[in-house]
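The values are calculated or read from the model by the stated rules, or taken from the named source; none is laboratory data. Note that the structure is predicted; figures quoted are calculated from it, not measured. In case anyone asks, the SASA skips ligands and DNA or RNA and just uses the protein heavy atoms, side chains included. Shrake-Rupley method; radii C 1.70, N 1.55, O 1.52, S 1.80 Å.
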Amino acid sequence: MPNIVVLIKQVPDTWSERKLTDGDFTLDREAADAVLDEINERAVEEALQIKEAQGGEVTVLTAGPDRATDAIRKALSMGADKAVHLNDPALHGSDAIQTSYALAAAIGQIEGVELIIAGNEATDGRSGAVPAIIAEYLGIPMLTHMRELKVEGESISGVRETDEGTFDLVAPLPAIVSVTEKINEPRFPSFKGIMAAKKKEVQTLTLADIGVEAETVGVANAMTTVTASVAKPPRTAGEKIADEGNGGDDIAKYLVSQKII
Ligand SMILES: Cc1cc2nc3c(=O)[nH]c(=O)nc-3n(C[C@H](O)[C@H](O)[C@H](O)COP(=O)(O)OP(=O)(O)OC[C@H]3O[C@@H](n4cnc5c(N)ncnc54)[C@H](O)[C@@H]3O)c2cc1C
């Protein structure tokens, strides 16, 4: 009966225009609609399926600003039991190491955690590093890029898929896993789920509550700094080659000129 923590992140909707803040180049979270990252919906779904088969409790945990409560409500309306919201202005602009350090400390406040499920990569930061860094801080095994998971007794197993191929992995619990978009199809919150979510417990924690000093996190103390940013140039029209008998040669010449072959 594992107690599961699901790491969820609110991200700017991929369909809305996203931009960085002038000055410190942190993400301008007010400039775009915010949604629960889709990969995290799948992480919640996986936790719910494990709970439905084996019992236990599903807690969702996020580090984010006030409006991240919307992402929390979505996860709760899917069926998660409770939520922890790490919300402290000093966290603004934290890099992946600082974010993971704070999340690891917050996980330490949740009782009896046997399994932590994250997405393999957040849609905004895209470092794909948070689950591995948390594993290091907590000293527990990590299974990343999982497309299948099975919890049996005191162990977790499953299939990891990367560009190199597939791997069968097994580790003792407690452990942290990250899942890919192949893991499942997340459920839609039902009306009953949405109503029930309004009454579920959301615990808000500050850095002081988790014993993390404000001077160790945030944009001013980050180990990595974004020093400049340039928007991608708009796509230009491709080159058209009309086949008048030597189209193949022309394509090959073009590819050579672009150093593609
Ligand atoms: C433009 C830009 C550039 C950046 N560049 C860097 C950089 O070069 N180096 C750097 O260290 N950081 C950088 N960051 C910051 C980085 O995005 C944050 O540290 C972020 O909170 C965690 O990294 P990630 O989103 O890449 O997470 P990933 O490691 O890609 O996320 C994987 C999973 O971890 C969990 N997770 C991630 N963040 C949270 C959270 N806040 N709460 C709960 N669960 C979470 C989720 O389950 C997520 O699916 C950058 C951010 C932006 C917007």
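Data overview
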quantity	calculated
Cα convex hull of the stretch 108-261, projected area averaged across orientations, nm²	17.2 nm²
Where the stretch 133-202 is the region considered: accessible area per residue in Å², 1.4 Å probe	62 Å²
For the stretch 71-157: rounded, prolate or oblate by the Cα gyration tensor [a/c cutoff 1.5]	rounded
Long-range amide H partners of Leu20 with built H, under 5 Å	Asp28
Quotient of Cα Rg and 2.2 N^0.38 Å for the chain, N being how many residues it contains	1.17
Interchain or long-range residues, amide H under 5 Å from Thr123's placed H	none
Degrees separating the helix 96-107 axis from the principal Cα axis of the chain, which is the longest one	20 degrees
Considering only the stretch 3-221, percent of DSSP beta bridges that pair antiparallel, nearest 5	40 percent
Normalised contact order of the chain, rounded percent, pairs of Cα under 8 Å and 6 or more residues apart	23 percent
Portion, in percent, of the accessible area of the stretch 128-184 that falls on carbon or sulfur, probe 1.4 Å	49 percent
Euclidean distance of C-alpha centroids, the stretch 1-31 and the stretch 209-261, integer Å	21 Å
Shape metrics for the stretch 152-233, restricted to C-alpha atoms - Rg then Dmax, Å	20.5, 52
